[in-house]
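Trainee: Dropping a structure here in structure tokens format, bear with me for questions.
The values are calculated or read from the model by the stated rules, or taken from the named source; none is laboratory data. These figures come from a predicted structure and were not determined experimentally. Here the Cβ positions follow ideal geometry from the backbone for every residue, glycine too, while neighbour counts run over all protein chains shown. The accessibility values were calculated without ligands, DNA or RNA, using every heavy atom of the protein model including side chains. Shrake-Rupley method; radii C 1.70, N 1.55, O 1.52, S 1.80 Å.
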Amino acid sequence: MPQGEYLGMTLTVLDLDNENLAYFQHCAEHDFHLQRCVDPECDLLRYPPGTACPWCSGREFNWVPVDARGTVHSYGEVHHAIQPAFRERAPYMILLVELDTQAGEPTEHEALRVAGNLVDADGNFAGPDLVKQVGIGSRMRMVFADVAEGLSLPHWTLDEEAEQPEAPWRYPQEVNGV
Amino acid sequence: MTDIDTTADKYLRDKYAIIGVGETTYTRGSGMTTRALGTWAIKNAMDDAGIPASEIDGMMSYSGNDSTASPMLAGDLGIRLNFYMDVQGGGSSSEALIGLAIGAIEAGMCETVVVFRSMNGFSQVRIGGTGARASVPVGGDALHAAAYGWFSAGQSFSPTFMRHMYDYGTTPEQVAMVKVIHSEHASNNPKAYYKQRVTVEDVVNSRMICKPLHLLDCCVETDNATALIVTSVDKAYDYRNTPARILGVAGRVCKPRIDMHFQHGPISTVAGHYIKDIIYRNAGVGPEDIQCTGAYDAFTFTSMLQLEDYGFCEKGEGGDYVSSGIMRLGGERPNNTSGGHLCEGYTHGMNMIIENVRQLRGEVDCYCPQDDNGKRIHSYNYAPPEEGGGCRQVPDLEITQNLGWAMPGTGSSLIMRKG
Ligand SMILES: [Zn+2]
């Protein structure tokens, strides 16, 4: 049973939680995978891991590698943290990154929007200087924080190779310099 | 908008009513159990209706394992139950349970149902979470949220709120007006926990909790219990007060992909977008007929997003709607005339239903003088008490609506009319 301490929390994936086991095992290999529906008429990826296909109710799927790059679709920026270990990391960003893969499919409003915190290229929580640079429209790539054997968490960092918007959209009021 | 057929006798429209309402004092430190609080609230609702224990035979409640179940309260109050159901849930349960109470009565399972919510939301289980609660093990689906410090209601909803600002240019100052207006209403409410009127500057200069939410964009956490009594219209007029008649209910209506609703956009659209097609059809009225709203205000944003998606204004114009003065007492369609969750106190939408029941009776408690029978002689002067106002009764009120919120993807609604 993958289990580890992470920011004051005990993170656990139960042995019978097959979908999360596989998802986080791929993350532990630093290789992002999602479930793809096996129905050739459907063939859609889904996030987060689930037990059937949200579009065709099919229960069969394959794990396939997915290019984990995308654009910040929205975010929250926590200044008053609740969980104890997050307090020393505040302000921290909760990002919803819309993957390029399958964006706008199967309808214009749908996309794979993958959660994570903003971290630097080494996977450390972002400091104020980095937080300031990220907003809606920023181009991101995935990095992983290792928690335990078979368990790493996906996070997001600015994609150095991508063209960034001149000024990503950020909440208009600055607080403590960010 | 769905075609509204006002002639057809459908959806149990206008066949049930709320005959009694009651609550405890809103405190931060009740000094008693949720069992004692719940008993107190139900007894107040029974006294309000003038109904004896022998004429109540159903009980329902909701909680997040932070309450006391129906059998204990029924036993305390000498109520013999033919039906009870205690369910999991928070916001949006109030309206849903009223609908289920109607269903239970209609099925012949019981005749008169008390719905209650009892919580020590400050002194025992804080909704926002505390250090201890935030330290519980994280597993399963929470690995995709709580593990990111994405946990409390404000944190969870923040991408929805932020995206609305991005999509429509909604400003912090517009949204702050929700708190400003609700604080005006609370200042005329003797029961309100926060009675202080605040300004837009107070809101946007208050401590940042989680962008885009300042401290004053967030509701108050209180200890209290609330209760209301549902029965058929046939019986409703046997009791002490004019019943509030139920025109329609919608319960826990969801957006697609409710396992993680952000997968299905627009993420700045909330469940009200779907609820409106059910609630107005069921009630046989439309948003233009609603004279007073109770739009759940766990946050300033939640009132705004709901009012917008139910069709009280065009999509994207919620910022203009909430800052225009329409929602103010004396405005075209006042919202949360008690001060709501932002100011009066927090019980997951129940207190806004209780408020609308009293509004429909013409009997909200305010600072207006009372006649020999204890009834308020309303001045309809909504200035603060110290400036000679102190009233919060809406005049000539016929129809109200409650807009219940669980989270961006799930909500409930209730439309009532004067009995
Ligand atoms: Zn499929």
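Trainee: Mind checking the full-extension length gain between A:Asp15 and A:Asp129? Use 0.36 nm per residue of separation minus the Cα-Cα distance, one decimal, nm. Walk me through the intermediate numbers first.
Mentor: Details: separation 114, 0.36 × 114 = 41.04 nm, distance 4.01 nm.
Stretched out fully, the A:Asp15 to A:Asp129 stretch lengthens by 37.0 nm.
Trainee: About its Cα centre, what dipole magnitude does region A:3-158 give when the only charges are +1 on Lys and Arg Cβ and -1 on Asp and Glu Cβ, stated in debye to the nearest 20?
Mentor: Numbers: 10 positive and 23 negative charges, 102 e Å.
In total the dipole reaches around 500 debye.
Trainee: What does the average come to when, for each residue of peptide A:7-17, you count the partner chain Cβ atoms lying within 10 Å of its Cβ?
Mentor: Values: counts 4, 3, 12, 5, 7, 6, 3, 2, 0, 0, 4.
Taking the mean over all residues of the peptide, I get 4.
Trainee: What accessible area, summed over both chains, is buried at the B-A interface (1.4 Å probe, Å², nearest 100)?
Mentor: Details: alone 16180 and 9820 Å², together 21920 Å².
Using a 1.4 Å probe, the pair buries roughly 4100 Å².
Trainee: Which helices, taking whole DSSP H runs in chain B, have alpha carbons extending 20 angstrom or more along the helix axis plus mean Kyte-Doolittle at least -1.0?
Mentor: Working: long enough: B:34-49 (22 Å, -0.26); B:153-168 (23 Å, -0.65); B:172-187 (23 Å, -0.09).
Once both thresholds are applied, what remains is B:34-49, B:153-168, B:172-187.
Trainee: May I ask for the distance between the Cα centers of region A:122-178 and region B:279-311, given as a whole number of Å?
Mentor: 36
Trainee: Shielding by partners for A:20-33, please: the mean number of other protein chain Cβ atoms within 10 Å of each residue's Cβ.
Mentor: Numbers: counts 5, 0, 0, 2, 2, 0, 0, 0, 0, 0, 0, 0, 0, 0.
If you average over the peptide's residues, the count of other-chain Cβ atoms is 1.
Trainee: While we're looking at this one, here's another question. Quick one: Kirkwood hydrodynamic radius for region B:168-257, alpha-carbon pairs, angstrom, one decimal?
Mentor: Numbers: mean 1/r = 0.0589 Å⁻¹.
Averaging 1/r across every pair of different Cα atoms and inverting gives 17.0 Å.
Trainee: Going by a ≥ b ≥ c, the root eigenvalues of the Cα gyration tensor, does chain A fall in the rounded group (a/c under 1.5), the prolate group (a/b larger than b/c) or the oblate group? Before the final figure, lay out each step's value.
Mentor: Numbers: a/c = 2.15, a/b = 1.30, b/c = 1.65.
Note, shape of chain A comes out oblate.
Trainee: Loop-only GluC sites (Glu not before Pro) in region A:24-95, please: DSSP not H, G, I, E or B, and at most 15 other Cβ atoms within 10 Å. Before the final figure, lay out each step's value.
Mentor: Values: sites: A:Glu29, A:Glu41, A:Glu60, A:Glu77, A:Glu88; in loops: A:Glu29, A:Glu41, A:Glu60, A:Glu88.
When the GluC sites (Glu not before Pro) of region A:24-95 are filtered for loop state and at most 15 Cβ neighbours within 10 Å, A:Glu29, A:Glu41, A:Glu60, A:Glu88 remain.
Trainee: Using mean Cβ contacts within 10 Å as the protection proxy, how do B:199-205, B:306-312, B:21-27 order, highest first? The partial results should precede the final answer.
Mentor: On the way: B:199-205: 16.4, B:306-312: 24.9, B:21-27: 22.0.
Output ranking for B:199-205, B:306-312, B:21-27: B:306-312, B:21-27, B:199-205.
Trainee: Let me ask something additional. Which of the residues in region A:85-126 show a loss of at least 30 Å² in accessible area from their chain by itself to the complete set of protein chains, at a probe of 1.4 Å?
Mentor: When all protein chains are present, A:Ile94, A:Leu96, A:His109, A:Glu110, A:Arg113, A:Ala115 each give up 30 Å² or more of accessible surface.
Trainee: How many Å² of accessible area per residue for region B:130-270, probe 1.4 Å?
Mentor: Working: 4470 Å² over 141 residues.
Here the per-residue accessible area is 32 Å².
Trainee: What residues qualify as long-range amide H neighbours of B:Gly345, i.e. H under 5 Å apart, gap of 5 or more or another chain, H built at 1.01 Å from N?
Mentor: For B:Gly345, whose amide H was placed from the backbone, the distant partners under 5 Å are B:Tyr193.
Trainee: Kindly provide the trypsin sites (Lys or Arg not before Pro) of region B:212-296 that DSSP labels as loop, not H, G, I, E or B, and whose Cβ sees at most 12 other Cβ atoms within 10 Å. Walk me through the numbers before you get to the answer.
Mentor: Numbers: sites: B:Lys235, B:Arg240, B:Arg245, B:Arg252, B:Arg257, B:Lys276, B:Arg281; in loops: B:Arg240, B:Arg257.
Listed in order of number, the matching sites are B:Arg240.
Trainee: Let me ask something else. Once you measure Cβ to Cβ distances between cysteines in chain A, which Cys have no partner under 4.7 Å?
Mentor: A:Cys27
Trainee: Ranked from the most accessible area to the least, with a 1.4 Å probe and all protein chains present, what is the order of A:His155, A:His73? Write down the numbers at each step before the final one.
Mentor: On the way: A:His155 0, A:His73 25 Å².
Sorted by accessible area, descending: A:His73, A:His155.
Trainee: Tell me which trypsin sites (Lys or Arg not before Pro) from region B:35-140 have a DSSP coil assignment and no more than 10 other beta carbons within 10 Å of their own.
Mentor: On the way: sites: B:Arg35, B:Lys43, B:Arg80, B:Arg117, B:Arg126, B:Arg133; in loops: B:Arg80, B:Arg126.
Passing sites in region B:35-140 are B:Arg80.
Trainee: Considering only protein heavy atoms and a probe of 1.4 Å, how much of the accessible area of region B:154-303 is carbon and sulfur, as a whole percent? Don't skip to the end; give the middle numbers.
Mentor: Working: 2150 of 4340 Å².
Result for region B:154-303: 50 percent of the exposed heavy-atom area is carbon or sulfur.
Trainee: Set the bar at 26 Å for Cα to Cα. Now go through B:Lys43/B:Lys191; A:Lys132/B:Lys179; B:Lys43/B:Lys375; B:Lys235/B:Lys276; B:Lys211/B:Lys315 and name every pair that lies beyond it. All intermediate terms of the calculation are to be shown ahead of the outcome.
Mentor: Numbers: B:Lys43/B:Lys191 18 Å; A:Lys132/B:Lys179 28 Å; B:Lys43/B:Lys375 20 Å; B:Lys235/B:Lys276 30 Å; B:Lys211/B:Lys315 22 Å.
Exceeds cut-off: A:Lys132/B:Lys179; B:Lys235/B:Lys276.
Trainee: Considering only C-alpha atoms, what is the centroid distance from region B:360-392 to region B:198-268, in Å?
Mentor: Cα centroid to Cα centroid, the span is 25 Å.
Trainee: Calculate the FRET efficiency for B:Asp47 and A:Thr101 from the Cβ-Cβ distance with a Förster distance of 41 Å, rounded to the nearest 0.05.
Mentor: Numbers: r = 61 Å, r/R0 = 1.50.
The pair B:Asp47/A:Thr101 has a calculated efficiency of 0.10.
Trainee: Summarise the partner chain shielding of B:256-262 as one whole number: the mean count of Cβ atoms from other chains within 10 Å of each residue's Cβ. Please list the in-between numbers first.
Mentor: Values: counts 4, 6, 0, 6, 9, 1, 9.
Across B:256-262, the average partner-chain Cβ count within 10 Å equals 5.
Trainee: Springs between alpha-carbon atoms under 10 Å, Gaussian network over chain B: tell me which of B:Ser156, B:Ser232, B:Ser93 tops the mean-square fluctuations.
Mentor: Result for chain B, Cα springs under 10 Å: B:Ser156 fluctuates most.
Trainee: What does the accessible area per residue of region A:3-158 come to in Å², with a 1.4 Å probe and no ligands, DNA or RNA counted? Intermediate results must be reported in sequence, preceding the final value.
Mentor: On the way: 6230 Å² over 156 residues.
For region A:3-158, the solvent-accessible area averages 40 Å² per residue.
Trainee: How large, in percent, is the carbon and sulfur part of the accessible surface of region B:43-123 at a probe radius of 1.4 Å? Please report the intermediate quantities before stating the final value.
Mentor: Details: 1490 of 2860 Å².
Here it works out to 52 percent.
Trainee: Would you jot down the residues in region B:136-150 that end up with at least 40 Å² less accessible area in the complete protein assembly than in the chain alone, with a 1.4 Å probe?
Mentor: B:Val138, B:Leu143, B:His144, B:Ala147, B:Tyr148, B:Gly149, B:Trp150
Trainee: Compute the helix-to-body angle for A:18-28: its Cα long axis versus the longest principal axis of chain A, expressed 0 to 90° and rounded to tens.
Mentor: 50
Trainee: Given a 1.4 Å probe and every protein chain left where it sits, what share in percent of the accessible area of region A:3-158 is carbon and sulfur? Mind dumping the intermediate values first?
Mentor: Details: 2740 of 6230 Å².
Of all accessible area on region A:3-158, carbon and sulfur atoms account for 44 percent.
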